[in-house]
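This report refers to the structure that appears directly beneath it.
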Amino acid sequence: MTLALESDAPGVATRGVWLTCIDCGEQFAPFEAVRYTCDDCGSLLEVRYDEYPTFDAFEGSGVWRYSAALPFEEGVTLPEGSTPLHAVPRLEAEIGVNNLRVKHEGMNPTGSFKDRGMTVGVRVAQEIGVDRLACASTGNTSAALSAYGARADMETLVLLPAGKVAAGKVAQASLHGARILEVDGNFDRCLDIVQDLTDRGEAYLLNSLNPFRLEGQKTIGLEMFEQFEREEGTLPDRIVLPVGNAGNTAALYKCVRELRRSGAIAEHEVPKLTGVQAEGSAPMVEAIENGWDHIERWDDVETIATAIRIGNPVNAPKALPGIRETGGTAVAVSDEQITTAQRDLAEEGIGVEPASAASIAGLRKLRREGVVSDDEDVACLTTGHLLKDPDAAAAAGSDPEPVPADTEAVLDHLGA
Ligand SMILES: Cc1ncc(COP(=O)(O)O)c(C=O)c1O
């Protein structure tokens, strides 16, 4: 039976929307109760619709341009999306692919892609009528949730792994008025606790376990396809992205499945989803390399890319098939390779935080190994802005040189 919701509440799409279990197929009405996983089998839920749009259904800009593919017509907006798809000619030539574009999600209002998920997720929280929003975070989710919670005038609670969140992100959560709990444990433990709290009805969970977050994030793919097509006359053969909780990987896979279903793209146009993790935090890569259909949780994770310091990617059941069925792969890169890529992007004028640079580092490694070929059109996703992690940026960049307050002395110093 299809529990299609035909709501006439303001701002709610009138077409059918429901939550479906990805394993047993059980369907649930989307807004009648708080639900993140299947009541019957405990697996992940996915938002499904009774129809899927083609590109000509989209109008306007940003995330809400794609409302025909979302559960609402509008949301709590700052606004988000409309991020640039940069050409990077020097990196393109050095790495050696036909075409390399960088989709810089760090240009969202709070400086990361998380805003795309929050504009939808917080709108759903309003619809359900919850009091308090909560998330566990390696930093960016907490920054986005705090801003969108503030915008919606809702209480927010964020749990962070103590000492492992970049300064810019803590500052954002703090100034936007979230209650910040620093947990003596890693991100995965924070998420365990937030899940316990939300199971007890203490808060509404806005991690990417919440399927509505991924609806917003799938607009990364929709927007990227439109830009790529407009500027390059084609779609990317491959999308390379950093992987933490694997929400974006799952969201992009959902995006291409929906576009296939509506007939908006052909089978041969489906891009290969290619995930990149840091060597010290690579359970998805381990699963792909071993052909597993599940991941094994890593209890000890470490990397300079703190945003992807995650040992138990909760969206793996959605993301692993996405990587496999699109013909993609997953690769691990060292912290040194990440820092080099961060510098290389900065030399093209693109400022990203370390986790984001993993996509370029991963592409470079796969190209050198011959997994990526030289005729490919590639889009790399950079997920967060440089200013998120000022310490990492300063460590990777050049040091300031002290000089006296005197022009002659400055010229002397410059060797002029
Ligand atoms: C900058 C950045 N990149 C990548 C990720 C990982 O994204 P996902 O959990 O969707 O794999 C995160 C998640 O926190 C992030 O903040």
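The values are calculated or read from the model by the stated rules, or taken from the named source; none is laboratory data. Given the structure is predicted, the values throughout are model-derived calculations rather than measurements. Virtual Cβ from ideal backbone geometry, glycine too; neighbours counted across all protein chains shown. The protein model used for the area step is the full one, side chains on, heavy atoms only, and it has no ligands, DNA or RNA in it. Shrake-Rupley method; radii C 1.70, N 1.55, O 1.52, S 1.80 Å.
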In segment 31-59, anything closer than 18 Å to ALA319 by Cα and not in a loop (DSSP other than H, G, I, E, B) is listed as THR37, LEU44, LEU45, GLU46, VAL47, ARG48
For segment 100-128, the count of residues that are open to solvent by 20 Å² or more (accessible area, probe 1.4 Å) and not in a helix (DSSP H, G or I) equals 3
The condition of being within 30 Å of ALA167 (Cα to Cα), within 15 Å of the ligand (Cβ to nearest atom), outside the structural domain of LEU100 (by TED's automatic domain parsing) and of a type in the set (A, V, I, L, M) holds, among LEU205, LEU241, LEU252, only for LEU205
When every residue in segment 241-294 that is of a type in the set (Val, Ile, Thr) and either assigned to a helix (DSSP H, G or I) or at pLDDT below 95 (or both) is compared, the one most open to solvent (accessible area, probe 1.4 Å) is ILE288
Screening GLU105, GLU46 for residues that are at pLDDT 95 or above and assigned by TED's automatic domain parsing to the domain that holds SER373 leaves only GLU105
Being free of Cβ contacts under 8 Å to residues at least 40 places away in the same chain and open to solvent by 10 Å² or more (accessible area, probe 1.4 Å) narrows LEU197, LEU181 down to just LEU181
Picking from LEU366, LEU381, LEU411, LEU387, the residue that is touching a strand residue (DSSP E or B) at 6+ places or on another chain (Cβ under 9 Å) and either part of a helix (DSSP H, G or I) or open to solvent by 10 Å² or more (accessible area, probe 1.4 Å) (or both) would be LEU366
Residues of segment 362-389 being away from the ligand (no atom under 13 Å from the Cβ) and within 20 Å of the chain's Cα centre (by Cα), in sequence order, are LEU363, VAL378, ALA379
Note: among THR340, THR329, just one is open to solvent by 20 Å² or more (accessible area, probe 1.4 Å) and closer than 21 Å to GLU105 by Cα, namely THR340
